[in-house]
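Every read-out reported here was derived from the displayed coordinates using simple, explicitly stated rules and does not represent laboratory data. Treat the numbers as computed from the prediction; the structure is a model and nothing was measured. For neighbour counting, all protein chains shown are included, and Cβ atoms are generated from backbone atoms with ideal geometry for every residue, glycine included.
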Amino acid sequence: MVLSLSRWIGKVAVVTGASSGIGAAIAKQLVENGIKVAAFARRKERLEELTDKLSDKNGKLYPVKVDITKEEDILNGFKWVKENLGPIHILVNNAGTGGQGSLTDGDTETWQNVFQINVIGLSIATREAIRDMKSNNVDGHIIHISSILGHQVLSIPGLNVYPASKFAVTALAETLRLELNSLKSKIKITNLSPGLVNTEKISKWYKQSEHLKKIVEEEQILDPADIADALAYVLSTPPHVQIQELTIRPVRESDF
C-alpha cells in the first residue's frame, strides 16, 4: 500500500471548528500539503490570523465565518465554497463542544447545545458535502473527529451528555458507511477517535480536576498536531482502502 496525499493537491477541503486546537492543526496540515481549505468557525478573526501564518504554504486557507449551531450558516458556508472554490473533496467534521455539568442537575440549554454542535451540525455538514460530491462525481472523504468517549464512558467529573453525543458520532459514521455501500458509492467515511488532546477545552477542565491536571503535567496527553498527522495518514491511503475507525491515544493514558 502506497501512502500519498498527492491526489488531493489542489482539491478543496472543508474543516469545521478550524479556529483553534485540533481544527487549526488539521487545516495547517492540509494547507501544507497543497490543499485548498475552507476553514469554518465562529471566530473569524482567529481564522484570519491562521490564514496569515499559512500564506507561504503550498495550499491556501480561506476563512469562512460559520456557526455550526445554525443550519443557515452551514448552508451559506457550503454555498460560498461551491461558488468560490469548486467541488468539495474532503470534509473534516471537527467542531465540537462539551459543557460542564451533570445529568442529575444539569442545564437543558447546555445539553441541547452539545447535541446541536456534535451531532446535528455534523450531520448537516455531512449531508451537504456528500450532496456536492455526488453531483460532481467526486470520490471524496468524510472524517468525523470523535473521541475515545464515543466508545467508552470514563470517570471524568462533569461530562454529562458529552459521551452520549460522541457515541452518536460513532454510530453516525457506521450508519453512513453502510448507506454509502448500499448506494455503491466510493466516498469514504472515517471515524477518528482521539484520547486526551491538549486543547482549550482540556485546559479549562484540568483546572477543575486534580487528577486531570496531573495527567497534563506528566504529559500523558496528545498534541493537536498528532491528530492532524493521523488524519493525513487516513487521507493518504489509496482509493480502495478505507480506514473505518482510527483510535489514537497517548502512551500511558489513564482510563481514569
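Restricting attention to region 50-71 and to residues that are free of Cβ contacts under 8 Å to residues at least 24 places away in the same chain and within 20 Å of the chain's Cα centre (by Cα), the residue that is farthest from I117 (Cα to Cα) turns out to be T51.
Residues that are in contact (Cβ under 8 Å) with a residue 24 or more places away in the chain, of a type in the set (S, T, N, Q) and closer than 19 Å to L149 by Cα do occur in region 80-93, at least one of them. If the condition is being more than 19 Å from the chain's Cα centre (by Cα) and touching a residue at least 60 places away in the same chain (Cβ under 8 Å), then region 160-183 contributes only N160. Filtered by the rule that a residue be of a type outside the set (S, T, Y) and outside any helix (DSSP H, G or I), region 167-193 gives L183, K184, K186, I187, K188, I189, N191, L192.
Annotation note: of I187, I142, the sole residue that is under 20 Å from A18 (Cβ atoms) and either crowded, with 21+ Cβ neighbours inside 10 Å or touching a helix residue (DSSP H, G or I) at 6+ places or on another chain (Cβ under 8 Å) (or both) is I142.
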